[in-house]
Amino acid sequence: MSNANTHVNVVTESLDNIQRIKAVAPGLHANGACALCILRATQVPIGPAYLQPQADIHRALEIDTSVASTASACSLCLSILSPDIFDQITLKYKEQAFDSSTVCISVELPKSIYIRQRSMQIYVKSAVIDLKDVIKYISGNRIAEACDVAIDGDSDMRIECAFRHEETLLDHQFLVDREGSSIKIKSFRKKGIDYTTGDSLGAVLAELSKCDDSVVASKFGSPPPLVKTAAEIESLVFRRASLFIGGRYLKLQRNISQTPFVVDGKRMTELSVSEVIGEPIKELALCDSYNLVGSGREDADVRMLGDGRPFYIECINPRKTNISQDLISQIEDQLIQENSPVQCRLLQIIKPEDTRIIKEGEENKTKHYCALVWFASVLSKETLEEINQVGSSEIVLQQNTPIRVLHRRSPLVRPRKLLRLEITHIEGHFYKVRIESEAGTYIKEFVHGDLGRTSPSLSSLAGGIVADILELDVENVSLDFPPKSV
Ligand SMILES: [Zn+2]
């Protein structure tokens with residue numbers, strides 16, 4: 001209380017025409033308006049006066065607060081402007097420890113607030129300073145001070161606060177009951193819960209704008225009726241734009257899926273590339289969750305060798321985005337030290353727009369494969385030479401959707417190019433086959449023919465000898481990623 005006088009001065013000095021305000025303030029107070037709502041209702045522009053303790057504002061306006069009002073909460077803002085609300089928002093934001101230098105705040109108010117604002121405007125015969133703007137101003141100042149951030153409407157760090165107030169849930173009933181009302185309420189039951197629709201904020205505001213002042217004053221009241229309870233924070237959500245970390249991954253063993261492979265709650269592979277790389281990234285970025293997006297994917301039983309497959313990890317709602325390249329590179333080193341079957345390279349923060357390269361590359365990249373193939377009988381030298389001859393130039397395959405993916409892709413014949421095909425004999429029935437193909441080619445199906453659904457196939461090129469693929473490695477994915485400019 002030692003600096004109460006300075007507060008009074010701030011309030012007094014920031015108020016133009018204080019005599020006009022003093023004249024109406026007691027009336028507003030008696031009708032349940034809090035100190036800040038008195039400023040709003042007397043058109044005090046948003047500024048430092050709104051940051052002062054309510055007691056100081058009362059004192060500056062010479063309002064006798066010992067005269068008990070029958071209201072326990074503000075009838076205009078439903079006590080959303082109480083210090084307690086701003087303490088909650090500031091404290092919760094601080095706890096999350098986001099390293100953002102800016103924030104923006106969005107507010108969702110109960111419908112009754114808008115009706116009460118209109119009712120007060122009729123009473124004071126003038127516009128009332130908008131509650132949302134006041135909430136944003138005060139909470140912005142409080143958070144800026146407590147967390148050293150700047151308020152910026154374009155910030156990628158959003159604080160979303162929604163309020164609810166049981167007591168005034170039916171404030172808009174007079175608008176619903178009005179003759180010719182455009183609000184059409186529908187009630188229905190879903191999974192044992194009762195719902196009503198039709199009285200959305202938009203519908204209520206549209207109907208309210210059609211009402212004459214006299215209708216609002218007589219059907220609802222002006223000034224707004226007193227309330228006993230304060231509104232509460234219904235939800236407080238902190239949303240930050242994703243952080244993207246790109247790189248290339250290698251899979252040195254088989255039976256590792258790209259993302260967790262779970263069927264009916266049972267894990268089908270012990271490891272996934274996504275978790276091996278994503279978990280340490282999650283620890284760095286302190287994000288809620290993450291997704292790995294690869295430039296295509298190999299089956300779990302296919303290794304990914306060579307320079308690795310381009311990918312990025314999207315960190316959802318990261319607390320930290322100022323992460324040094326050193327810390328990121330340590331993840332690569334750690335995986336090498338642990339002898340992990342999943343490795344990564346060129347791991348780095350990328351720009352959100354760089355994720356496009358992965359999606360666009362989907363169509364125009366080429367891939368190099370190496371397969372271990374078994375033939376039902378040994379191929380003659382001539383057959384081998386013939387296959388290599390055909391394979392030295394481009395081969396166009398007609399590839400019908402493979403049987404094994406028919407459950408998720410519609411049946412369609414797609415032409416796919418093999419840019420190069422080379423076969424060498426290992427021993428007995430075993431052959432090594434190197435293939436360079438355009439994106440989207442099903443290699444396993446090219447080898448065995450998929451019951452005639454892929455044509456030609458390695459089996460058909462060998463004169464119809466049954467062929468089966470035993471092992472497959474991806475040796476290279478030709479896509480320049482992550483971009484060097486980063
Ligand atoms: Zn208020």
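Bear in mind that the values in this text are calculations on the coordinates, not laboratory data. Every value quoted in this text rests on a predicted model; they were computed, and no experiment measured them. Methodologically, a virtual Cβ is constructed for each residue, glycine included, from the backbone with ideal geometry; neighbour enumeration extends over all protein chains shown.
Could you give the Stokes-Einstein D for region 172-288 in µm² per second, using the C-alpha Kirkwood radius, 25 °C, 0.890 mPa s?
Once the numbers are plugged in, D ends up at 118 µm²/s.
Quick one: length gained pulling A55 to L170 fully straight, 0.36 nm per residue minus the C-alpha distance?
This chain segment gains 38.3 nm when fully extended.
Spin-label point model (7 Å from Cα, Cβ direction): what's the K186 to Q43 distance in nm?
Those two pseudo-labels are separated by 4.4 nm.
Using 7 Å Cα-to-Cβ label points, what is the D264/V237 separation (nm, one decimal)?
3.5 nm
Compute the FRET efficiency between D84 and R356 as 1/(1 + (r/R0)^6), taking r as their Cβ-Cβ distance and R0 = 56 Å, and round to the nearest 0.05.
0.75
Work through the residues other than T90 whose Cβ is under 9 Å from its Cβ and net out their charges, Lys, Arg +1 and Asp, Glu -1.
Values: positive: K92, K94, R142; negative: D87, E145.
Value of the local net charge: +1.
Using the Karplus equation 6.51 cos²θ - 1.76 cosθ + 1.60 (θ = phi - 60°), what ³J(HN,Hα) coupling, rounded to whole Hz, does each residue of region 266-281 give in order, writing x for Gly and Pro?
10, 6, 8, 10, 6, 10, 9, 4, 3, 6, 4, 8, x, 4, x, 5
If you take the Cα Rg of region 77-168 and divide it by 2.2 N^0.38 Å, with N the number of residues, what do you get?
Ratio of Cα Rg to 2.2 N^0.38 Å: 1.18.
Mind checking which lysines have their C-alpha under 29 Å from K125, skipping anything on the same chain fewer than 8 residues away?
Of all the lysines, those that pass the test against K125 - Cα under 29 Å, at least 8 places apart if same chain - are K22, K111, K136, K210, K219, K228.
Multiply the residue gap between R409 and R345 by 0.36 nm, knock off their C-alpha separation, and tell me the result in nm, one decimal place.
Answer, rounded to one decimal: 19.8 nm.
Set the Förster radius R0 to 60 Å, insert the Cβ-Cβ distance between A146 and S380 as r into 1/(1 + (r/R0)^6), and round the FRET efficiency to 0.05.
Working: r = 81 Å, r/R0 = 1.34.
Result of the calculation: an efficiency of 0.15.
Once both axes come from the Cα atoms, what is the angle between helix 4-14 and the longest principal axis of the chain, in degrees from 0 to 90, rounded to 10?
On a 0 to 90 degree scale, this one is about 90.
Given the Cα-Cα distance of E427 and L372 and 0.36 nm per residue of separation, how much length would full extension add, in nm?
Working it through step by step, the gained length comes to 18.7 nm.
Under the Kirkwood approximation for Rh and a Cα-based Rg, what ratio Rg/Rh is obtained for the chain?
In the chain, Rg relative to Rh is 1.20.
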